[in-house]
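Contents: one structure, followed by commentary.
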Amino acid sequence: MLQSLVPLLVDGLANAALIFFVAVGLTLVFSVLRILNVAHGSFYSIGAYAAASIGLWIVSSGFSPYLTFPALLLSAALVAALFGPLVERTLVRWTYGKSEAVQILVTFGLFLILEDLQRMVFGVQSLYEDTPMALLGITEIGGIVYLNYQLLLIGLAAVVIIGLRLLIRHTRHGKFLAAVVADREVSQTLGIDTNRVFIMAFALGVFLAALGGALATPTSGVAPGLGAETVVLAFAVAAIGGLGQIEGAAIAAVIVGLARVLAIYYAPALDAVAPYLVMLVVLLIRPYGLFGSVTTRRI
Amino acid sequence: MPLLLLLAGLAVMAVLPLAVPWLQFTLTIALAKGLAALGVAVLLRAGLISIGHAMFFAIGAYATAFLMRDLAVTDFATLIVASTLISALSGLLFGAFLVRYRAIFFAMLNLAVSMVLFSLLAKLYGVTGGTDGIRVATPSVFGMALARPVFADVLYYGGLLLAGLVGFAVHRYLKSPLGAALSAIHTNEVRLEYLGVSAWSVLLVAYTLSATLAGLGGAIAAMAIGHVVPEFAFWTESGHIVLVAVLGGIGGVVGPFAGSIFLEVVQTLAVGFAADAWNLIIGLALIGVIFFLPRGLYGLMETRRRTSP
Amino acid sequence: MTTPLLKAENLQVAFAGVKAADGVNLEIAEGEFLAIIGPNGSGKTTFLNLCTGYIRPLAGEVFLDGRPITRLAPRTIARQGIARAFQIPQLFTDQRLIDNLMLAVAARRGIWDAFRPLDRRTHRDEAMQLLSMVGLEDVAEQSAATLPEGLRKLADIAIAFALKPRLLLLDEPTSGVSAIERFGLMETLMTALRQARVTALFVEHDMEVVERYADRVVVWDQGRVMADGKPDIVLKDPRVLQNVVGVA
């Protein structure tokens, strides 16, 4: 049993790592900007398209295939630089303080626009670019074969969690970020440029989503509809962890990853249902998620 | 005034297919989606946005498919009534726990439930036909087996009649104390509770109603298309239903239908040259409406308050 | 001895370690007009929240007519006869004032009515009556959001009256009302209360108002009842003078 469960587990955790990147971006944007971005998954798929396209270009142009690794990062950074400030300054900014319904509708509109833009730019075909995965090869331990790329994904997720923690706790900009999360009005009176913090947080969120997408291309490629599938998974993970909770998103991603592994193992038909079932159960017991907290209204 | 508008709309809708026969199918689908959008609009009155309401559309549609395939029900009226009842019942069931939540939590939980349903519809191949879906044969009407075009007429005019009746009933409901309590949940739920009114019960009625409307729409769509697929329940469909409601305006009962008819007709007309950019266009339109015509949003534009779930 | 209309027994509640109610004991007899005074943050509003089920005590009980209501929801308590007017008026701001009142009337008469309009004769007449009781009949058709604070306060009280309560809790009814209008408002309120035979408890900062209108006054300090008695006696108590009145 263990023989078949362990590879599944690694598979599940690698998957969880990818979803974590998107979910943590979503949750970060929510905690700073108080916005649930329905178009967040689109940045994942745009990141994936960018990484696949750049990777394919590198390989076909005869450059060193090892350049595909920095290309993954570069594509995520490109997407963040292109969309982060632009979208925040135009659409998202306008919805601050508006009702959730309006925020959801505006970002849904953005989602629709980005869906068609992707089709126009990248076409409707699936793209596969697995050079990074092929280059890293496999490791064999005790007769079980692991994809090194998957181990890398898990490691990177850990790096991102620690990195975010360090960023928020120990850098000036990070402390501004934390201050805005804690109390927007007070941080404004303290002279923190909240506009800049918003741009920064949104761009970072876009970067994380795009990074997830870029890192996913070597294992699963990219096809139309990816953004729509991803954003609901990211919602589920972010909601389970508690919207706005960074560590919560990490733990939730692992829970969802494991739930899927168990589902694949015991009830394959329930594989796709597992994340949402977990979300339902968690939210029914704790509406604010595992690590979320409650605010009550003063009267 | 809204009633006059409703009657005028119905009259135009009744003669339109006579003038432009190829529009009839489009209009039937528009009615079906308009019903679902009306359901969503009812909930928006309470400030609640559901990005999972396509599930009730799907429940109505699959109920029709199951009734025909597994229980050999072929009668049009029975199918409509039974499918609508099944959706109403599911709405009551899910609503009982979903309407405890507000704001983003309500939206997300509806999304979660609808995604569970979507995944099950897609995965349980033996029962639901998986991603292939289920074919829906042409129902009989009062014991008569009809040719497809004749049934299409029956479905269209039947649907139109139902939409008219339902629109009238919802209009009355929104003007009633119960409807007023519904918007009161949005403006000041604490005050409403202090008036001795249970927001939970008020919302459960609204939620069940909205599920019923969506289910009726789903049943009509299933018969019109002759096929049901899991995508009916996918979250983007839910998003589209909300979009239709908002584009049409959620202030009255005519808005969601107007939005639905407008969108379906334009999409059909534009299929030749704008099919690839359709989402782009309606996405821009949605944002445009919210930016420039916020009055249609009926109070949703107010600055939000801190609310408990 | 008759059962008090409302009785609070050893109520305790704390927020972030601060005791907002630290063993509160209080009885209100039918027909009384009771004032609560005390410095800001002494737990007066918390007490109203506890009595109406908005928050639950860590310990203690609240009784209405001798029956415990401690863990009931605000709506259930409202239906049992306790209505509340708020410190910050709680109106349905997207509606006209008359609609606010009609909804309150409908809430009492039965909200489960999905086919007849809210705006009908019986509701409208009673709503207008309530508005004229507080002198707001002229602004009935105005949007509740556009009313000045003082008028909103009155509207809020009228809404509470619509429930025909046995006990009315008024949280600083005269704050936001100019000193000149204050006594006019109190006169109107007293007449309405007597007419409807409603027992009332009101949180108040204006000592003159308390002295003139309250049958009894209770002094709050740090989540406890510090003094309780006739206004002319309590308000002369040196401890009260120093802690509460002296500041004002």
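The values are calculated or read from the model by the stated rules, or taken from the named source; none is laboratory data. Predicted model, so just to flag it, every value in this text is computed and none were measured. With ideal geometry, Cβ positions are generated from the backbone for all residues, glycine too; neighbour counts draw on all protein chains shown. Accessible surface is based on the protein model in full, side chains and every heavy atom, while ligands, DNA and RNA are left aside. Shrake-Rupley method; radii C 1.70, N 1.55, O 1.52, S 1.80 Å.
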Nearest 0.05, what FRET efficiency do A:Ala178 and A:Arg89 give at R0 = 25 Å with Cβ-Cβ as r? 0.65
Please give the average number of partner chain Cβ atoms lying within 10 Å of the Cβ of each residue in B:282-293, rounded to a whole number. 5
Local net charge near B:Ile282, Cβ-Cβ under 14 Å (Lys/Arg +1, Asp/Glu -1): -4
Based on the Cβ-Cβ distance from C:Arg56 to C:Ala179, what FRET efficiency comes out when R0 is 41 Å, to the nearest 0.05? 0.65
Among A:Ser31, A:Ser53, A:Ser99, which one shows the biggest mean-square fluctuation in a GNM of chain A, springs joining Cα atoms closer than 10 Å? A:Ser99
Under 16 Å from the Cα of B:Lys33 - aspartates and glutamates, other chains or at least 8 residues apart: B:Glu231, B:Glu237, B:Glu264
Among A:Leu190, A:Leu233, A:Leu215, which one shows the highest mean-square fluctuation when chain A is modelled as a Gaussian network with alpha-carbon springs under 10 Å? A:Leu190
With θ set to phi - 60°, apply the Karplus curve 6.51 cos²θ - 1.76 cosθ + 1.60 along segment A:214-230 and write out the HN-Hα couplings as whole Hz, x wherever there is a Gly or Pro. 4, 5, 7, 4, x, 8, 10, x, 9, 9, x, x, 4, x, 5, 5, 5
Two pseudo-spin positions, 7 Å from Cα along C-beta at A:Ile138 and at B:Thr131, lie apart in nanometres by 2.7 nm
Give me the distance in nm between label points sitting 7 Å out from Cα along the Cα-to-Cβ direction at C:Ile88 and A:Trp57, one decimal. 5.3 nm
P(r) of chain C over all Cα-Cα pairs, 10 Å bins starting at 0, rounded to whole percent, reads 7, 31, 35, 21, 5, 0, 0
Quick check on packing: order C:202-215, B:46-59 by the mean number of other C-beta atoms within 10 Å, highest mean leading. B:46-59, C:202-215
Segment B:1-133, accessible area per residue, ligands and nucleic acids excluded (1.4 Å, Å²): 35 Å²
Can you give the convex hull volume per residue for the Cα atoms of segment A:85-213, as a whole number of Å³? 170 Å³
With every protein chain kept in place and a 1.4 Å probe, segment A:21-224 has an accessible area per residue in Å² of 40 Å²
Quick calc, B:Ala169 & B:Trp22: beta-carbon distance into FRET formula, R0 41 Å, rounding 0.05, result 0.85
On Cα atoms only, tilt of B:278-292 relative to the major axis of chain B in degrees: 30 degrees
Rounded to the nearest 10 degrees, the helix A:148-170 long axis (Cα) sits at an angle to the longest Cα principal axis of chain A of 20 degrees
Counting only other chains, what is the mean number of Cβ atoms within 10 angstrom of the Cβ of each residue in peptide C:52-65? 1
Average beta carbon contacts from partner chains per residue of C:117-124, 10 Å cutoff: 3
Towards the positive end of the charge dipole of the protein assembly as shown, with charges on Cβ (+1 Lys, Arg; -1 Asp, Glu), say which of A:Leu211, B:Leu160, B:Leu27 has the farthest Cα. B:Leu160
Max mean-square fluctuation residue, GNM over chain A, Cα-Cα springs under 10 Å, options A:Thr171, A:Thr107, A:Thr230: A:Thr171
Please compute the per residue accessible area over segment C:90-164 with all protein chains in place, 1.4 Å probe, rounded to a whole number of Å². 42 Å²
Express the carbon and sulfur contribution to the solvent-accessible surface of segment A:1-141 as a percent, rounded to the nearest whole number, probe 1.4 angstrom. 69 percent
Which ³J(HN,Hα) values, rounded to whole Hz and listed in residue order, are derived for segment A:202-213 from phi using the Karplus coefficients 6.51, -1.76 and 1.60 in 6.51 cos²θ - 1.76 cosθ + 1.60 with θ = phi - 60°, glycine and proline given as x? 5, 4, 5, x, 4, 4, 5, 4, 5, 4, x, x
Counting sequence-distant residues (5 or more places) and residues on other chains, those with an amide H built under 5 Å from that of C:Asp228 are C:Val219
For C:Ala20, list long-range residues whose amide hydrogen, built 1.01 Å from N in the peptide plane, is under 5 Å from its own amide hydrogen. C:Val13, C:Ala14, C:Phe15
Which of A:Tyr288, B:Tyr62 is most accessible, then next, and so on - probe 1.4 Å: A:Tyr288, B:Tyr62
Distance (nanometres) between label positions extended 7 Å along Cα→Cβ at C:Asp237 and C:Gln129: 4.0 nm
How much accessible area is lost when chains B and C come together, counting both sides, with a 1.4 Å probe, in Å² rounded to the nearest 100? 2600 Å²
Using DSSP to call loops (not H, G, I, E or B), can you name the chymotrypsin sites (Phe, Trp or Tyr not before Pro) in segment B:126-206 whose Cβ has at most 16 other Cβ atoms within 10 angstrom? B:Phe142
Suppose a student asked you for the relative contact order of chain B, using Cα pairs under 8 Å spaced at least 6 residues apart; what percent would you report? 37 percent
For helix B:148-175, report the angle its Cα long axis makes with the longest principal axis of the Cα atoms of chain B; keep it between 0 and 90° and round to the nearest 10°. 10 degrees
Take the cross-link list C:Lys7/C:Lys44; C:Lys164/C:Lys236; C:Lys44/C:Lys164 and give me the ones stretching past 26 Å between alpha-carbons. C:Lys164/C:Lys236
Take the alpha carbon atoms of segment C:98-143, find their center, do the same for segment A:19-33, and report the distance between the two centers in whole angstrom. 46 Å
